[in-house]
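Just below is one structure, and these are the notes that go with it.
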Amino acid sequence: MIGSFLRSAGTAVVSQCRRSSLLPPPPALLAAATRSYAKAKTPKTTLNRGKIKIMGPRKGGGADIPGESFSPEDASTSFELPTDPLPFTYDPALDVGPGGRPLFSVTQSLAPLTRKQSNTYVDFSLEEWNAILPEGIPAGMTKEFEETRRCAVMVRQSFLDLRDNFRRISNPPLRPSNKNLNVKKQIVLDGPVSCGKSITLALLVHWARSEGWLVLYVPKGKEWTHGGFYYRNPNNDFWDTPVQAAKILQDFLKFNEARLQQLPCQIFDPVPLGEGAGVGMMKGVDSMEMPEGSTLYDLIQTGIAYTHASVGVLVRLRKEISLVKDIPVLFAVDQARRALQLDKAVTVRSTRPIHAKELSTVNAFRSMLHDDMMVGAFSHSTAVGKLRQELPDVPIDARVMLPRYNLDEAATVCHYYLRQNLIHRDRFTEDKWKRIYYISNGNGSEMRWLAPFI
Amino acid sequence: MSYISGARSVPDSQVRIASTKMDGIGHKKAIQVRSRLGISGNIKMNELTKSQIDQMEQMSCQDHVVHWELKRGERADIERFISLSRYRGIRHQDGSPLRGQRTHTNARTCRKQIRK
């Protein structure tokens, strides 16, 4: 009996060893590939008379698949959006940037990236992007993903500087240096059209959330001032937008639910009630008390459940988040300083436009004269004209001008587009991509539009 | 499908467009009514509650001449011209154009009643 037990244990050990010896070592090519493409199987392909023959496990390997012959130009159409498993036409050997440098950085998050990895692409799957940014991905990033058919974003030096700025705030070094003196807690990202403001902000949020920060991310500040219903608040001179307030609370809850359940409320004043969306004022009640021991999660759920309390809860949430000291907190608002499209009725027959600062929700998050970390990105696509030189309620040195692509970044971008078959490989030369760069003046979206014309 | 002051409103249409279907409410009055109720431009009819639709109807009727009141007023003006035997009244009776158009040719639209 003992012998059978030992025999069975031995066979189990042997089978485990056999299994481990049967596992092939990771090929060098795969190790150099990006993380999400590590499972790529790259069958040999031979080009013959304009047709690509797939030599797979079929018999006679070189036979054409009937009804599926296509030219090299059509090969790009088979490259779908990055999914798992990958398309069979993917070849990791083509992941080469300018000067033979690797085009992609293999990393699980944006935290360990250094200066050496600037001007390289970071590849995450669409599911990962949606998981880390459930509020929504910026429109520019979505368009880049769709047109390049890959969910990769270039890591620029400007993003690394921004990340390091907030990293020094949350983890100040022991020795003071000149860099520590120039840290900024409040930043307004400005810059020319299509210079990467929204993408930089999204990457910053990605990094902050991977570090465990509590981040309130607003990918579309335009939605705070557009749509829904607006009612005059009886207690002050502001206008309430209950529909938008409820949506903001829901978006905030998407990623931060677990963390918010651990953070207790620190303000115990009753939450003022306003007019609900389409249901009028609540009769006989003008405020709502939160029970003792409530968490921020309970507060937000109250605001979502009761439309009369959504605006009051959002304004209260802003104050509560400021009092959170256990974990770093970041407010990230894209399309900030957005113009408004609501009208207030002055008389029966006349109206006047309502300024954004007259909205309760916008007013609560508008000011940057506080001690919290906040980043706002200006958007040319949703605003009229340039950002004013002097911004109200914004520190003087908060403005950061993001530059457009420089020559090195443009080289990386063009090589990436070459990799993604936006540019024909036989027509790609240094002179041509430089020509595109100078024509577009470093404008990212224009370069992407001009790339196929090389 | 619902009716507001006798105008049929499609649920998928925006409030600012659906409210112009009411007789007597045009683009400008629709904006005025909407702004007084606190409804932004891209809200659709199916997103409104019943109380909001009632409020919109009430506000339109109170502050503007709409629907049957408008039609009654127009008819009363025409009958006044007829009773006074004014040129315009006679032209209304005859079914002829009354704003100085030619009748030697054309005037088909006005003379629909005669053709029938």
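Readers should treat all values here as calculations from the given coordinates under stated rules, not as data from a laboratory. Keep in mind the model is a prediction, meaning the values are calculated, not measured. Because the Cβ atoms are built from the backbone with ideal geometry, glycine has one as well, and the counts that use them run over all protein chains shown.
Computed values, structure above
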item: Net lengthening on full extension, A:LYS116/A:ARG425 (0.36 nm per residue, minus Cα-Cα); result: 108.6 nm
item: Segment A:ILE396-A:ARG435, extension gain: residue separation times 0.36 nm, minus the distance between their alpha carbons; result: 10.3 nm
item: Reachable aspartates and glutamates, given that their alpha-carbon falls under 12 Å from the alpha-carbon of B:LYS50 and they are not under 8 places away in the same chain; result: none
item: Using θ = phi - 60° and Karplus 6.51 cos²θ - 1.76 cosθ + 1.60, couplings along segment A:143-149 (whole Hz; Gly, Pro as x); result: 5, 4, 4, 5, 7, 8, 6
item: Rounded FRET efficiency, nearest 0.05, which uses the C-beta distance separating A:VAL183 from A:ASP408 and R0 of 30 Å; result: 0.70
item: Segment A:SER367-A:ARG149, length gained on full extension (0.36 nm per residue, minus Cα span); result: 74.6 nm
item: Spin-label pair B:THR103/A:LEU174, simplified geometry with 7 Å Cα→Cβ offset, distance in nm; result: 10.6
item: Residue order, fewest to most beta carbons within 10 Å, for A:VAL285, A:VAL193, A:VAL155; result: A:VAL285, A:VAL193, A:VAL155
item: Whole-Hz ³J(HN,Hα) from phi, Karplus 6.51 cos²θ - 1.76 cosθ + 1.60, for segment A:294-304, glycine and proline x; result: 6, 9, 5, 5, 5, 4, 5, 5, 5, x, 6
item: Cut-off under 5 Å, modelled amide H: who pairs with A:VAL188 long-range; result: A:GLY376, A:ARG399, A:VAL400
item: Packing-based exposure ordering (other Cβ within 10 Å, fewest first) of A:PHE229, A:PHE268, A:PHE238; result: A:PHE268, A:PHE238, A:PHE229
item: Listed residue pairs exceeding 25 Å between alpha carbons, taken from A:LYS143/A:LYS434; A:LYS222/A:LYS357; A:LYS220/B:LYS28; A:LYS283/A:LYS319; A:LYS197/A:LYS319; A:LYS143/A:LYS319; result: A:LYS220/B:LYS28; A:LYS283/A:LYS319; A:LYS197/A:LYS319; A:LYS143/A:LYS319
item: Cα→Cβ-extended label distance, 7 Å offset, between A:ASN235 and B:ASP54, nm; result: 2.8
item: Relative contact order (percent, whole number), segment B:1-107, Cα cutoff 8 Å, 6+ residue spacing; result: 20
item: In order through segment A:234-245: 3J(HN,Hα) via Karplus (6.51 cos²θ - 1.76 cosθ + 1.60), integer Hz, x for Gly, Pro; result: x, 8, 9, 8, 8, 10, 9, 10, x, 5, 5, 5
item: A:MET288 long-range amide H proximity, modeled H, under 5 Å; result: A:VAL271, A:LEU273
item: Efficiency of FRET from Cβ geometry, B:ASP77 and A:GLU127, R₀ 60 Å, rounded to 0.05; result: 0.30
item: Cα shape, segment A:225-285, gyration tensor, a/c 1.5 rule; result: oblate
item: 5 angstrom amide H check on A:TYR405, placed H, neighbours 5+ away; result: A:GLY444
item: A:SER109-B:ARG86 pseudo-label distance in nm [points 7 Å out on the Cα-to-Cβ vector]; result: 8.2
